[in-house]
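Visitor: Structure provided below as structure tokens; questions to follow.
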Amino acid sequence: MKTKSLLVALFALPTLCSAAVPPITHQACEQTIVRPASNDGRYLWLPIQENAPEGRVCVVVGNTEIMRQNVRMARENVDYYLALDMKPWLNEKGFNVVVQDVPEGCICFKKMEQNNDENFQLIDEPFRPSFHHTPKRGWMNDPNGMFYKDGVWHLYYQYNPYGSMWGNMHWAHSTSTDLINWTAQPTALVPDTWGAMFSGSCIVDHNNTTGFGKDAVVAMYTAARPTPHGGDIQAQCLAYSTDGGMTFTKYEGNPVLTAPIKDFRDPNMFWNDEIGAWNLILACGQEMRIYSSPDMKTWKEESRFGEGLGGHGGVWECPDLMRVRVKNDRLKINEMKWVLICNINPGGANGGSATQYFVGDFDGHKFTVDDEARYTNGNSLWQDYGKDHYATVSFSNAPGGRQPMIAWMSNWEYANEVPTKQFRSANSLVRDPFLYEGADKKLYLGSAPAQEYDGKGLDKTVKIKGSCKIVLSNDEGEEYILTYDQKAMTLTADRSKSGQTGFNANFLKAGGENEAPVVAPVRKKLTSLRLFIDKSSVEAFGNNGEVCITNLVFPKSQFNKVKIEK
């Protein structure tokens, strides 16, 4: 998909082909058999009603059920359409689609259609971003498995193709050559016997340590299978690609790492030259576990991190462990430090989900923070102080030693209820992380907008000379206000008058304000604010990333005015 005018044009396309209504046979006990014809098109369009109870949509081939997904099939009215892509099965003998737990008289059976039009009944949504990555349809949350190879950035993400609320986790896939314009690719990983596809990471195996082939792309992900006793059985699995990440083969020896604990997920692995092996960091409840392996198939636990350090108001998730360059003239030019990224939900600085981090050292076996006092007694350091910057992880194999990062731009407190319709959620801008020395001589993690955005006209920069308010507004009088208090050294965002806010009480928790500390070095103040204003978000970068605040907004029209008030 393309951004700006191209994106608008794409989503305004009319229906290009006629649709067929497939034969339907209703059975007892709310089961219906749908028999699509191979010559009527690859897509079976499922009518969705978001407040309906979940039914089941199953694919049966040769009397064997090979897929089952939870779908909110329309009962009384149709909110939008989502597709069952039947291409893998249309020409198979004994192919049927079975709908379960949906009564015979529901409107979905009258409105179901089959055709080849991938833009069928696509809604032109006012809150779809112009220059942030989004799925065309369905639900998106955590970014997964990002890497760079042969001039292309690959972004996978948690995806529900069958609804715009969380569920049915797949890995969807998009690619870009500039980190601005993204092209949707076929879904990369689908649920299997081991469970749904939860979060994970990808690497390029340059030396064929896994035996999957030189330069194979290897994904490690959590397979999560629900149990009758509640919760999931979570295990780590591998898949590999020999065509640059476009298609994957799941490793026949899955799962490769298991444990008898409930929360055991989100693997992030990287090659460590210092030990000549792979390292893996894994989220386990309220701690991180670190492993090593020569081949990614057999893993040895090396250490655990987290007890008594940082925030523990929720589950630890989506870790990352990487070396980050220190930007400070007083320090060594090429000095680098290790940073451990720990996403937490709930327990964020301003409520709900957020990304905390730890600065320290790593020897391939154990991560140790530089200054424990910074992280004890519930103290945390946050990468972004807005409400909508979560599941932050980095791209691997990036050129020039870069380690760009991207986040899910939402919050679990209200993500399922934001006022979009056929799709939900966007990614943040890609950011280049750096460490800088604060006025207290301690290191802090900053994140600047990726260099690819420079000179593209996507941002506005405001010069700051002292305490002030920066007011973003539109012609309808809606406002998003950023207040800099130089004496208190804080930057506060207020979205209470930014547009639609009543869809969930947590959207305006604490009055809709988010406060961030300003720990600027040398200058000891905020001197500039770089703003990226999209149709449903504002990302603010103080001193080009030393302090960050990311928030969703849902105004009647995009904010197009910026003024400074004393």
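The values are calculated or read from the model by the stated rules, or taken from the named source; none is laboratory data. Note that this is a predicted model, so its numbers are computed, not measured. Heads up, the Cβs are rebuilt from the backbone with ideal geometry, glycines too, and the neighbour counts pull from every protein chain shown. Please note that ligands, DNA and RNA were not included when accessible areas were found on the heavy atoms of the full protein model with its side chains. Shrake-Rupley method; radii C 1.70, N 1.55, O 1.52, S 1.80 Å.
Visitor: Is it the case that SER303 is open to solvent by less than 10 Å² (accessible area, probe 1.4 Å) and of a type in the set (Gly, Ala, Ser)?
Guide: Numbers: open to solvent by less than 10 Å² (accessible area, probe 1.4 Å): no; of a type in the set (Gly, Ala, Ser): yes.
Criteria not met by SER303.
Visitor: Across segment 374-421, what is the number of residues that are charged (D, E, K, R), part of a loop (DSSP other than H, G, I, E, B) and open to solvent by 10 Å² or more (accessible area, probe 1.4 Å)?
Guide: Within segment 374-421, the first condition is being charged (D, E, K, R), and the residues that meet it are 374, 384, 387-388, 402, 413, 417, 421.
Checking which are part of a loop (DSSP other than H, G, I, E, B) leaves us with 384, 387-388, 402, 413, 421.
Next, from what is left, pick out any that are open to solvent by 10 Å² or more (accessible area, probe 1.4 Å): 402, 413, 421.
So the count comes out to 3.
Visitor: Could you please find all residues in segment 149-189 being touching a helix residue (DSSP H, G or I) at 6+ places or on another chain (Cβ under 7 Å) and over 23 Å from GLU317 (Cα atoms)? Please lay out each step first, then the result.
Guide: Here is the first cut: in segment 149-189, the residues touching a helix residue (DSSP H, G or I) at 6+ places or on another chain (Cβ under 7 Å) are 165-166, 178-180.
Selection gives ASP178, LEU179, ILE180.
Visitor: Another question about this same structure. Among (1) surrounded by fewer than 22 Cβ atoms within 10 Å (Cβ to Cβ); (2) in contact with a Gly (Cβ under 8 Å, 6 or more places away or on another chain), where does GLY138 come up short?
Guide: So GLY138 meets the others, but not (1).
Visitor: In addition: Checking the condition out of contact with any Cys (no Cβ under 8 Å at 6 or more places or on another chain), open to solvent by less than 10 Å² (accessible area, probe 1.4 Å) and over 23 Å from ALA407 (Cα atoms), which residue from LEU491, LEU531, LEU482, LEU526 passes? Show your work before the answer.
Guide: On the way: LEU491 fails: over 23 Å from ALA407 (Cα atoms); LEU531 fails: over 23 Å from ALA407 (Cα atoms); LEU482 fails: over 23 Å from ALA407 (Cα atoms).
Among LEU491, LEU531, LEU482, LEU526, only LEU526 is out of contact with any Cys (no Cβ under 8 Å at 6 or more places or on another chain), open to solvent by less than 10 Å² (accessible area, probe 1.4 Å) and over 23 Å from ALA407 (Cα atoms).
Visitor: Might you let me know whether segment 454-475 holds any residue that is crowded, with 17+ Cβ neighbours inside 10 Å and out of contact with any strand residue (DSSP E or B) (no Cβ under 8 Å at 6 or more places or on another chain)?
Guide: No, segment 454-475 contains no residue that is crowded, with 17+ Cβ neighbours inside 10 Å and out of contact with any strand residue (DSSP E or B) (no Cβ under 8 Å at 6 or more places or on another chain).
Visitor: Tell me, which strands (runs of 3 or more DSSP E) lie completely within segment 140-254 with 2 or more residues that are within 26 Å of MET409 (Cβ to Cβ) and at pLDDT 95 or above?
Guide: Values: elements: 152-160, 170-176, 183-189, 196-205, 216-226, 232-241.
In segment 140-254, 152-160, 170-176, 183-189, 196-205, 216-226 are the strands (runs of 3 or more DSSP E) which contain 2 or more residues that are within 26 Å of MET409 (Cβ to Cβ) and at pLDDT 95 or above.
Visitor: Determine if segment 353-372 includes at least one residue that is among the hydroxyl-bearing types (Ser, Thr, Tyr), assigned to a loop (DSSP other than H, G, I, E, B), surrounded by 22 or more Cβ atoms within 10 Å (Cβ to Cβ) and modelled with pLDDT of 95 or more. Lay out the reasoning, then the answer.
Guide: Within segment 353-372, the subset among the hydroxyl-bearing types (Ser, Thr, Tyr) is 353, 355, 357, 368.
Restricting the remaining residues to those that are assigned to a loop (DSSP other than H, G, I, E, B) gives 353.
Right, trim to surrounded by 22 or more Cβ atoms within 10 Å (Cβ to Cβ) and you get 353.
This time we only want the ones that are modelled with pLDDT of 95 or more, so: 353.
The answer is yes; a qualifying residue exists.
Visitor: Just for segment 543-566: of the residues that are in contact with a Phe, Trp or Tyr (Cβ under 8 Å, 6 or more places away or on another chain) and over 20 Å from GLY477 (Cα atoms), which one is most open to solvent (accessible area, probe 1.4 Å)?
Guide: Going through the qualifying residues, I end up with GLU546.
Visitor: Of the conditions (1) modelled with pLDDT under 95; (2) of a type in the set (Gly, Ala, Ser); (3) open to solvent by 40 Å² or more (accessible area, probe 1.4 Å), GLY308 satisfies every one except a single condition; which number is it?
Guide: Of everything listed in (1) modelled with pLDDT under 95; (2) of a type in the set (Gly, Ala, Ser); (3) open to solvent by 40 Å² or more (accessible area, probe 1.4 Å), GLY308 misses just condition (1).
Visitor: On to the next question. Kindly provide the set of residues from segment 455-502 that are among the basic types (Lys, Arg) and more than 27 Å from VAL430 (Cα to Cα), ordered by number.
Guide: As a first pass, look at segment 455-502 and keep what is among the basic types (Lys, Arg): 456, 460, 463, 465, 469, 487, 495, 497.
Hits for segment 455-502 are LYS465, LYS487, LYS497.
Visitor: Can you tell me how many residues within segment 232-262 are under 22 Å from the mean Cα position of the chain (by Cα) and open to solvent by less than 40 Å² (accessible area, probe 1.4 Å)?
Guide: So the count comes out to 10.
Visitor: Please count how many residues of segment 478-512 are part of a strand (DSSP E or B) and within 15 Å of SER537 (Cα to Cα).
Guide: Our first condition is that a residue be part of a strand (DSSP E or B); within segment 478-512, this holds for 479-485, 490-494.
So of that shortlist, the ones also within 15 Å of SER537 (Cα to Cα) come out as 479-482, 493-494.
The number of residues fulfilling the criteria is 6.
Visitor: What is the residue count in segment 386-413 for residues that are more than 19 Å from TRP316 (Cα to Cα) and among the hydroxyl-bearing types (Ser, Thr, Tyr)?
Guide: Just the residues of segment 386-413 that are more than 19 Å from TRP316 (Cα to Cα), to begin with: 395-404.
From what is left, the residues that are among the hydroxyl-bearing types (Ser, Thr, Tyr) are 396.
Of the residues in segment 386-413, 1 are more than 19 Å from TRP316 (Cα to Cα) and among the hydroxyl-bearing types (Ser, Thr, Tyr).
Visitor: For segment 437-453, which residues satisfy the criterion of being over 20 Å from VAL538 (Cβ atoms) and either open to solvent by less than 10 Å² (accessible area, probe 1.4 Å) or in contact (Cβ under 8 Å) with a residue 60 or more places away in the chain (or both)?
Guide: First, pick out the residues of segment 437-453 that are over 20 Å from VAL538 (Cβ atoms): 437-445, 451.
Within segment 437-453, GLU437, GLY438, ALA439, ASP440, LYS442, LEU443, TYR444, LEU445 qualify.
Visitor: The conditions are (1) touching a residue at least 12 places away in the same chain (Cβ under 8 Å); (2) within 23 Å of MET405 (Cα to Cα); (3) surrounded by fewer than 22 Cβ atoms within 10 Å (Cβ to Cβ); (4) out of contact with any Lys or Arg (no Cβ under 8 Å at 6 or more places or on another chain), and PHE434 fails exactly one of them. Which is it?
Guide: Checking PHE434 against (1) touching a residue at least 12 places away in the same chain (Cβ under 8 Å); (2) within 23 Å of MET405 (Cα to Cα); (3) surrounded by fewer than 22 Cβ atoms within 10 Å (Cβ to Cβ); (4) out of contact with any Lys or Arg (no Cβ under 8 Å at 6 or more places or on another chain), the one that fails is (4).
Visitor: Of all residues in segment 422-447, which are more than 16 Å from the chain's Cα centre (by Cα) and assigned to a strand (DSSP E or B)? Spell out how you get there, then give the answer.
Guide: Step one: filter segment 422-447 for residues more than 16 Å from the chain's Cα centre (by Cα), giving 422, 432-447.
Within segment 422-447, ASP432, PRO433, PHE434, LEU435, TYR436, GLU437, LEU443, TYR444, LEU445, GLY446, SER447 qualify.
Visitor: For segment 448-460, what are the residues that are of a type outside the set (D, E, K, R) and not in a helix (DSSP H, G or I)?
Guide: As a first pass, look at segment 448-460 and keep what is of a type outside the set (D, E, K, R): 448-451, 453, 455, 457-458.
Once the filter is applied, which keeps residues that are of a type outside the set (D, E, K, R) and not in a helix (DSSP H, G or I), segment 448-460 yields ALA448, PRO449, ALA450, GLY455, GLY457, LEU458.
Visitor: Out of the residues in segment 194-221 that are among the polar types (S, T, N, Q) and over 16 Å from the mean Cα position of the chain (by Cα), which is most open to solvent (accessible area, probe 1.4 Å)?
Guide: This residue is ASN207.
Visitor: While we're on this one: State which residue is surrounded by the most Cβ atoms within 10 Å (Cβ to Cβ) when the search covers only segment 144-182 and only residues that are among the polar types (S, T, N, Q) and under 14 Å from GLY245 (Cα atoms). Steps first, answer last, please.
Guide: Initially, segment 144-182 is screened for residues among the polar types (S, T, N, Q), giving 144, 158, 160, 164, 168, 174-177, 181.
Checking which are under 14 Å from GLY245 (Cα atoms) leaves us with 144, 174-176.
Values: ASN144: 30, SER174: 22, THR175: 16, SER176: 17.
Among them, the one singled out is ASN144.
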